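Please read the structure below before turning to the comments.
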Amino acid sequence: MHYDVIVLGLGGMGSAAAHQLAERGLRVLGLEQFEPAHDRGSSHGDSRVIRQNYLEGAFYVPLVQRAYELWRRLERASGRDLLTVTGGLMIGPPRSTTVAGSLESARAHDLDHDVLYPRQVHSRFPTFRLRDDEVALYEPHAGYVVPEQAIVAQLELARRADAELLFTQPVRSWDADGGHIVVRTDHDRFSARHLVVCAGAWTSRVLERLALPLAVERQVMHWLTPPDRAPFRAGRHPVYLWEYTAGDFLYGFPALPGQRTIKTAFFRRANPADPDALERTVTDAERLEITEILTRLIPRAGSHDHARACMYTMTPDHHFVIGSHPQLPRVTLAAGFSGHGFKFAPVVGEVLADLVTGGGTAHDITAFDPARFGEVSG
Ligand SMILES: Cc1cc2nc3c(=O)[nH]c(=O)nc-3n(C[C@H](O)[C@H](O)[C@H](O)COP(=O)(O)OP(=O)(O)OC[C@H]3O[C@@H](n4cnc5c(N)ncnc54)[C@H](O)[C@@H]3O)c2cc1C
């Protein structure tokens, strides 16, 4: 069977791409090595922060604003709750990346925000204990997205638009053969005019010859049980990102509906990982470290309940890699989301669909150019 496009990897980004491409009327085949919305990649664990005052760079703001629209559209089309607005606190000393970076985006795009001093934070959100030299930028539109529900919604809608989606089908190899791309799994061989690679932590395996400088990291998510859930419930409690010492970040979420626990994690804690041999066991030392830090920052967070590992795929500049393969224009890739990609998933799907169908996109993706890392081999 010949397809217009094969999407390799149906996680956060691949499910979005399959959805958007199928809705544009293309014959889409999606191939995924595991089950739908599995927990072995980068897109599991109940919640992902979404925020607009984007500390990673003001050029992300229009993209994230478009993502909000597309999340709401996805909710309407799928009948699922995907995005919950809770408000968000970016905490740290005034010159920290969290505060200064968020303020820069807020000013560049005239975004709603308030700068709060420790006493104001404490009276509005009593669970947080800021130091006297810290402030918080409060963003009313921040919140969280539920990654597993989002992937299932995108896959359902892709299917509804006639995409063919195959699971537990690892892609073993692919070639650009004249005018089309041939992809091989253990049992089959498929061909298409385009290939979209959304392989997450496995991207360097799938695009080995491209030698992208991607580093896979193990990251641990922790859930704690507060003795009193009331001040932590969504609606009362914001999402937060806290630079509690220079270069060290902790972030977390309110208690999700129906859950007793609250999730928290370190942001960008370098810990190299092999995607096929991810260490899933979380050590006592890891549990203890975060519990101790929380004793100081959020004393009512309570005791450790459980933890799970996940993977980041980091680029040297922490910006995404989205665009055409430098040598093969029929191959498009989206990777290197550096621990902050999920909130953008539907807009990444839109960009990928633009690139495949029109060869370009109206979104500004210059910072994500796959060729920016310099010399690549064929
Ligand atoms: C702990 C943690 C917290 C995070 N927090 C946030 C946050 O708060 N906000 C935010 O915006 N982002 C966050 N992120 C980042 C975000 O989740 C990722 O950027 C995003 O999930 C990446 O999606 P992806 O599609 O690239 O990867 P994945 O969802 O992992 O998808 C890649 C898919 O490709 C498949 N695949 C790979 N190779 C093959 C093959 N050969 N054949 C077939 N299938 C293949 C994999 O099985 C997988 O399903 C977090 C990530 C982690 C791990």
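Things worth noting here:
- Folded to 0 to 90 degrees: helix 61-78 orientation relative to the chain principal axis, Cα: 80 degrees
- Of all DSSP bridge pairs formed entirely within the chain, close to 70 percent run antiparallel.
- Cα centroid separation, the stretch 166-240 to the stretch 49-100 (Å): 21 Å
- When only the Cβ of Lys, Arg, Asp and Glu is charged (+1, +1, -1, -1), the dipole of the chain relative to its Cα centre reaches about 700 debye.
- Taking only protein heavy atoms and a 1.4 Å probe, the accessible area of the chain is 49% carbon and sulfur.
- Mean accessible surface per residue for the chain, computed with a 1.4 Å probe while every protein chain stays in place, in Å²: 41 Å²
- Shape class for the stretch 82-138, computed from the alpha carbon gyration tensor (a ≥ b ≥ c): oblate, with a/c not under 1.5 and a/b at or below b/c.
- Working note: Karplus 6.51/-1.76/1.60 with θ = phi - 60° gives the stretch 256-269 the couplings 6, x, x, 10, 7, 9, 10, 9, 8, 6, 7, 9, 6, 9 Hz, where Gly and Pro are set to x.
- Gyration tensor verdict on the chain (Cα atoms; rounded if a/c is under 1.5, prolate if a/b is larger than b/c, oblate otherwise): prolate
- Charge dipole of the stretch 226-270 about the Cα centre (unit charges at C-beta), most positive-ward option of Q259, L241, P226: Q259
- The long axis of helix 147-160 is offset from the longest Cα principal axis of the chain by roughly 30 degrees.
- Ranked by the mean number of other Cβ atoms within 10 Å of their residues, highest first, the peptides 261-269, 338-346, 322-330 come out as 338-346, 261-269, 322-330.
- Euclidean distance of C-alpha centroids, the stretch 334-378 and the stretch 288-302, integer Å: 37 Å
- Overall, the anisotropy analysis places the stretch 3-52 in the oblate class: the square-rooted eigenvalues a ≥ b ≥ c of its C-alpha gyration tensor yield a/c not less than 1.5, with a/b not exceeding b/c.
- ³J(HN,Hα), Karplus 6.51/-1.76/1.60, whole Hz, each residue of the stretch 289-296, x for Gly, Pro: 4, 6, 4, 5, 5, 5, 4, 7
The values are calculated or read from the model by the stated rules, or taken from the named source; none is laboratory data. What you see is a predicted model; the values in this text were computed from it and never measured. As a convention, Cβ positions derive from the backbone with ideal geometry for all residues, glycine included, and neighbour counts pool all protein chains shown. Note: accessible area is taken over every heavy atom of the protein model, side chains too, but ligands, DNA and RNA are not part of it. Shrake-Rupley method; radii C 1.70, N 1.55, O 1.52, S 1.80 Å.
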